[in-house]
Each structure stands twice: as C-alpha cells, then as structure tokens.
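Enquirer: For reference, the structure I am asking about is given below.
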Amino acid sequence: MSSQRNPMFDVLKGLGIISVIVSHVYRGGTDPLAVFLREICMWCVPMFFMVQGYFMSGPRNYLQSSWKKITKTYVPYLYWAVAYGVFYWITVGKTFTLMDLILGKTALHLYYMFYYMLFALLCPLLYLLPRALRVGTLFFMLFSNVAINVILEISRTYHISILSWTGPNPFKWWGFIAIGMLLAEYPVIKEYITKHARAFAWGAVAVFIFGLVEPYLNNTVGYLFNKGALFPLSIGLTLALAIYYSTTNPIGVKYLSYIGNRTLGIYLGHFFLVDPLRKILSHDRALAALLILLLCLAAKEIKDRFLERMRSRSTMEAKA
C-alpha cells in the first residue's frame, strides 16, 4: 500500500456504497440471507471513517479548507436532507425540525454526514498538538470507542441501562477515524504490510471471519453498530480488500473505482429508490439493489454531462 492516492481507495468506497445499498434493500428481512448480508455490510461505515482518517490533513489554511468542505459536502447534504424531510412529511406525515436536518434524521442513512463533517472540521486541529500527545490522543480515541461499543452491546444483551444518552455519539465512530490517522502517522506499518502482503491478507480474512461469526455465537446478530465485533469485522475486511486491490490487475478495479468516485451522490440520492423497488421486486432484492445502483449512476452521469455542456457553452459565449 502506498502513501500516495491510488485506485484502491476509490475501490473501497465503491464497494462501501454498494454495501450501503444492499444493507438498505435487505433491511428488516428476517431470512438467513438478509441477516447475513446485513452483518457483512456493517463493515462499510467504519471503512469510510478509516479512509477519511487516513487522508486527514493538518489545519493549514484551516478556515478556507473548512469552508470548502462545508460548501462542497455539507450544503449538498442539506438540500437532500430537506428533500427527504418534505418527502416523508407528504407521504407518511412525518414532521422534522431544524435539528433533524443538522443531525441527519430526516432519512435513515443521513446520520453519517453529521459525523463526517464533525470529524472533518475538528480532527485537523489534532495536528496542532505535539506528535506524542496527538498519537496518545488517537490511541485513546480507539480504545474508548471499543469500550463504548462493548458497553452498548452489554446494555442491549442484558437489557440494562448503562449509557442513557440518546443524542449524537461521536464516540461510536472516532476510533475508526483514529485508525486511519494512526496508519498515516506510521508509514513503516504500510511498508511492512506491503512486504508481507500475503500473510497479512490471510490474517485479515481470519480477523474478518471472527468478527462475522462472533455475533452468531454470542447471540448479538442484528445489533448494527452497537457491538464490539464491529472492529474485527470492519478492520479485517477493509485490510483484506486494501491488500488485494493494491495488487496488479485485481478484478473489477476500473468499474469499482468509477462507482467510488460517485459515492457522495449515490449515498445522498439512493434512498428515494429503496422502498419503491423493494416492494416492486420483493422476491428479487438483489435485482432491486442492482437497479438502484445503475439508476443512481445514470442520474449522476446525466447530471455531469449536462453541467459539462453548460460550462462549454458558457466558455464559447465568453470567447465570442
């Protein structure tokens, strides 16, 4: 794995957004396949945070870079959050507040954007700390995240109230940001993994299998992101895929990179299609997931081509 950007990261995002679609299409299903796919698909949100952490940069031009992140990512999200809010208000009478928009509560999947922006705006400030203190903080974030998830798992398993807070909980996610940032802090780790790629790949697969199987053995299947097994599940699968897609000519790299470069648009828009296609194709949910992906890609391609044509026309008019 290289410290420079390579297609592997786009492939991870592409596989991640496919997992998001699949998990939403199969949500609520109680058959073994639906449950199994939902368990696997939990890897994707931690992966997105790990990738975000890996590319986290210091606070150089902090105000300018922060404003760019807000306008390029959060403002488009707010448009979609309002659209979802209005849609569900009209169709099912569900009302929403300003805080629902900010926190991503107008649709099931939008919570991610709140945490993404929270980390994007605050984590660069960690680079103002001395390196030893910053690394210590990152390890604290990691281990406290594991502890929080174990506590949440115990609470759900034994029906006891340990953490009563029901509001935003960045402690459920900041450990994954920390993993990505720690990996960037220690390039020697990446070099060592590269030199022993095969051994690490098999080890990552074993870790992933443990994270997938443990909830079945411990009767914690379906706890979503409230369990300790989320860490071996997501870390193992992410590392295994990263190693494989850093090799020569891996399967599907071009197509998955294409999808990965359109992750934000697919993420924001796909949920409008989920429920209608789930109902229409109730006996073939895999086809529903595929159609959702293809329709989102087509919509994004049409939008990009339209905007490119408008820019070209504006350029020609300016020259004339």
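What follows is calculated from the coordinates using simple rules that are stated; it is not laboratory data. Treat the numbers as computed from the prediction; the structure is a model and nothing was measured. A quick note on method: Cβ atoms are made from the backbone with ideal geometry, for glycine too, and the neighbour counts reach across all protein chains shown.
Enquirer: If you build the convex hull over the alpha carbons only and average its shadow over all orientations, what do you get for the chain? Give it in nm² to one decimal. Please list the in-between numbers first.
Expert: Numbers: hull surface 79.8 nm².
Projected over every direction and averaged, the Cα hull of the chain covers 19.9 nm².
Enquirer: What's the ranking of 73-83, 45-55, 177-187 by average number of surrounding C-beta atoms within 10 Å, highest first?
Expert: Values: 73-83: 16.1, 45-55: 21.7, 177-187: 20.1.
Peptide ranking by packing, descending: 45-55, 177-187, 73-83.
Enquirer: Suppose each label sits 7 Å from its Cα in the direction of the beta carbon; what would the ASP284-ILE90 distance come out to in nanometres?
Expert: Those two pseudo-labels are separated by 3.0 nm.
Enquirer: Here's another thing I want to ask about it. Straight-line reach only, C-alpha to C-alpha below 30 angstrom: list the lysines that LYS195 could link to, leaving out same-chain residues fewer than 8 apart.
Expert: LYS13, LYS254
Enquirer: Which net charge results when you count Lys and Arg as +1 and Asp and Glu as -1 among the other residues whose beta-carbon is under 13 Å from that of LYS303?
Expert: Here the count lands on +2.
Enquirer: Where the centroid of each part is defined by its Cα atoms, how far is the stretch 264-320 from the stretch 196-240 in Å?
Expert: Rounded to whole Å, the Cα centres lie 33 Å apart.
Enquirer: Based only on other Cβ atoms within 10 Å, what is the fewest-to-most ordering of LYS13, LYS69, LYS94, LYS279?
Expert: On the way: LYS13 24, LYS69 16, LYS94 13, LYS279 9.
Ascending number of Cβ neighbours within 10 Å: LYS279, LYS94, LYS69, LYS13.
Enquirer: Let me ask something else. Per 0.36 nm of contour for each residue apart, how much would the distance between THR194 and ARG313 grow if the chain were fully extended, relative to their Cα-Cα spacing?
Expert: Working: separation 119, 0.36 × 119 = 42.84 nm, distance 4.73 nm.
This chain segment gains 38.1 nm when fully extended.
Enquirer: What order do you get for LYS105, LYS303, LYS227, LYS319 when you list them from fewest to most C-beta neighbours inside 10 Å? The partial results should precede the final answer.
Expert: On the way: LYS105 17, LYS303 11, LYS227 24, LYS319 6.
In increasing order of surrounding Cβ atoms, one gets LYS319, LYS303, LYS105, LYS227.
Enquirer: Set the Förster radius R0 to 30 Å, insert the Cβ-Cβ distance between SER65 and GLU301 as r into 1/(1 + (r/R0)^6), and round the FRET efficiency to 0.05. Before the final figure, lay out the partial values.
Expert: Working: r = 29 Å, r/R0 = 0.96.
Between SER65 and GLU301 the formula returns 0.55.
Enquirer: At 222 nm, what helix-only mean residue ellipticity would the chain give, in deg cm²/dmol to the nearest 500, using -39500 (n - 2.57) for each DSSP H run of four or more? Each step should come with its number before you reach the end.
Expert: Details: 16 runs with 230 residues, N = 320.
So the helix-based figure for the chain works out to -23500 deg cm²/dmol.
Enquirer: Among PHE139, PHE306, which comes first, second and so on when ranked by fewest other beta-carbon atoms within 10 Å? Intermediate values should be presented prior to the final figure.
Expert: Details: PHE139 13, PHE306 10.
Least crowded to most crowded, the residues run PHE306, PHE139.
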